[in-house]
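A.B. asks: Attaching a single structure in structure tokens format; questions to follow.
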Amino acid sequence: MWRFPRHSSITFDVGAAGLRVSQAAGGAGTTRIRDAIAIELDAAADEPGALLDRLVRLVDQGAFSGRDVALVLGPPDIQFHALRVPDAALRQGEAQVAEMLRWEVSSQSRAEPDELEVRHWVLPPARRNGENVMAVSMMAQAALDWVEGFSKRGLTLRRIESAPAALTHLAAMAFPPDPDHLWASLDLGRDAATLTVAIGRTPVYVRALPVSMRKWTEQLATALDVPVDVAERVKRENGIAPERRGAAADGVSPGAVLFGLLREELIGLCSELVRCLHYVRQTHDEVTTSRIALAGGGAQTPGLASFIESQLGITVDMLDGHAIRGVRGVRLPSGVTAAEAVACGAALLELEAA
């Protein structure tokens, strides 16, 4: 029997700060990321047409195969709705369940049922009649616009994946959880942060947090009286240091200075994480809280992971190339960072589902 390598769609993660592109391939007992590209976005890419043109060029620039593409979206483009529906209703046919959930989601949003695309998965059992279904919705017209935009440029959009599902899949590969472990992935983007809490390998709670890496940088720029790009470079190079490490000549390290300027925001982030984890434990108090996996460009801030770990008292890991390379049978190109985790996770998820 002839066995041909299989591959995922060319997967795009379109963020506020940049584009991440990835494609996974499998064969001969090994899964690998064929290529992963990350580029910064400029103001010209704000126009939808310019953005799509940029994506098409990336397809030709990378070591990718085919013209099928996938798109990864997160809040607010995709919304998550934890619902409680009768168990008997879930035993209906797929079409009936989808229609029922479309009406349920519509009642929680400002959209009519026929304006929505809705998918779902079943949640682990919870005590006190907690939610048993996670519904994921997006505007149908937005999905059609993406399909048509790619089609006009010679690409076929095969799949739209949610960023929380992609991160959960990748983090569960890198740090395999026990079925009764409660853990989370935190995606720290430039303009938004999304927390996804999972039990085992199933996302059970998704929340957009009031955290913005861009606002942190702007706050530093104002306090230090430097341009924003300089403040960003200083943040990336020095990170945060709540304890005195590597003291400078005046006895205060640059990281300690930055920590002092961002203290309120950092404490606020940790408080939000504690509240979200506690909320899920209210209906799943039999689980063990195990870890948080950090992804996104903001996750690469030196000292951030260790600070969160010290405040919450649980393991905090970076979901980057180093962590993924620890997964048996998975190979990556060099230089994969936490900012590319969503794109890589979505590509691997599609490959596994195929």
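A.B. asks: Which whole-angstrom value gives the distance between the alpha carbon centres of region 286-354 and region 54-96?
C.D. replies: 20
A.B. asks: Please give the contour-minus-distance gain from ARG281 to ASP191: 0.36 nm per residue of separation, less the Cα-Cα distance, rounded to one decimal in nm. Can you show the working numbers first?
C.D. replies: Details: separation 90, 0.36 × 90 = 32.40 nm, distance 2.82 nm.
Stretched out fully, the ARG281 to ASP191 stretch lengthens by 29.6 nm.
A.B. asks: Where the accessible area of the chain is counted over protein heavy atoms with a 1.4 Å probe, how much of it, in %, is carbon and sulfur? Spell out each step's value before the answer.
C.D. replies: Numbers: 8620 of 17390 Å².
The C+S portion of the solvent-accessible surface of the chain is 50 percent.
A.B. asks: Further question: Relative to the Cα centre, what is the charge dipole magnitude of region 56-178, using +1 at the beta carbon of each Lys and Arg, -1 at the beta carbon of each Asp and Glu, and rounding to the nearest 20 debye?
C.D. replies: Working: 13 positive and 16 negative charges, 49 e Å.
The calculated dipole for region 56-178 is roughly 240 debye.
A.B. asks: A follow-up question, please. Return the distance in nm (one decimal) between the two label points of a simple spin-label model at ALA354 and GLU265, each offset 7 Å from Cα along Cα→Cβ.
C.D. replies: Placing both labels 7 Å along Cα→Cβ, they lie 4.0 nm apart.
A.B. asks: With unit charges on the beta carbons (Lys and Arg positive, Asp and Glu negative) and the dipole taken about the Cα centre of the chain, which residue among LEU348, ALA198, THR301 sits farthest to the positive side?
C.D. replies: The Cα lying farthest towards the positive end belongs to LEU348.
A.B. asks: From the square roots a ≥ b ≥ c of the eigenvalues of the alpha-carbon gyration tensor of region 242-354, which class results: rounded (a/c under 1.5), prolate (a/b over b/c), or oblate? Don't jump to the answer; show the numbers that get you there.
C.D. replies: Numbers: a/c = 2.61, a/b = 1.33, b/c = 1.97.
It is oblate, given that a/c is not under 1.5 and a/b is not larger than b/c.
A.B. asks: Oh, and also: May I ask you to derive the FRET efficiency for GLU148 and GLU99 from their Cβ-Cβ distance with R0 = 22 Å, giving the value to the nearest 0.05? Can you show the working numbers first?
C.D. replies: Values: r = 25 Å, r/R0 = 1.14.
E between GLU148 and GLU99, to the nearest 0.05, is 0.30.
A.B. asks: Quick check: pseudo-label points 7 Å beyond the Cα along Cα→Cβ at GLU218 and GLU237, how many nm apart are they?
C.D. replies: The two pseudo-label positions are separated by 2.4 nm.
A.B. asks: Let me ask something else about it. Just the number please: accessible area per residue for the chain, 1.4 Å probe, all protein chains included, in Å². Before the final figure, lay out the partial values.
C.D. replies: On the way: 17390 Å² over 354 residues.
Result: 49 Å² of accessible area for each residue.
A.B. asks: A further question follows. Over region 148-239, what relative contact order in percent results from Cα pairs under 8 Å that are six or more residues apart? Let's see the in-between values first.
C.D. replies: Numbers: 111 pairs, mean separation 16.7, N = 92.
Answer for region 148-239 is 18 percent.
A.B. asks: How big is D, in µm² s⁻¹, for region 130-246 by Stokes-Einstein at 10 °C and 1.306 mPa s if Rh is the Kirkwood radius over C-alpha pairs? Can you show the working numbers first?
C.D. replies: On the way: Rh = 17.8 Å.
Estimated via Stokes-Einstein, D reaches 89 µm²/s.
A.B. asks: Can you tell me how much longer the chain between ALA89 and ARG201 gets when fully stretched, taken as 0.36 nm per residue apart minus their C-alpha distance, in nm with one decimal?
C.D. replies: On the way: separation 112, 0.36 × 112 = 40.32 nm, distance 2.39 nm.
Roughly 37.9 nm would be gained on extension.
A.B. asks: What helices does the chain hold that run 27 Å or longer along their axis, going by alpha-carbon atoms, with a Kyte-Doolittle average of 0.5 or more, using DSSP H for the helix calls? Walk me through the intermediate numbers first.
C.D. replies: Values: long enough: 254-281 (38 Å, 0.76).
Counting only whole DSSP H runs, the qualifying helices are 254-281.
A.B. asks: How far is it, in nm, from the label point at ALA208 to the one at ARG110 when both lie 7 Å from their Cα along the line to the Cβ?
C.D. replies: Distance between the two pseudo-spin positions: 1.3 nm.
A.B. asks: Given contacts defined as C-alpha pairs under 8 Å and at least six residues apart, what's the relative contact order of region 301-354, whole-number percent? Write out the running numbers ahead of the final one.
C.D. replies: Working: 27 pairs, mean separation 13.7, N = 54.
The value is 25 percent.
The values are calculated or read from the model by the stated rules, or taken from the named source; none is laboratory data. Please read all numbers here as calculations on a predicted model, not as lab measurements. We place every Cβ from the backbone using ideal geometry, glycine too, and count neighbours over all the protein chains shown. Just so you know, the surface numbers come from the protein's heavy atoms only, side chains and all, with ligands and any DNA or RNA stripped out. Shrake-Rupley method; radii C 1.70, N 1.55, O 1.52, S 1.80 Å.
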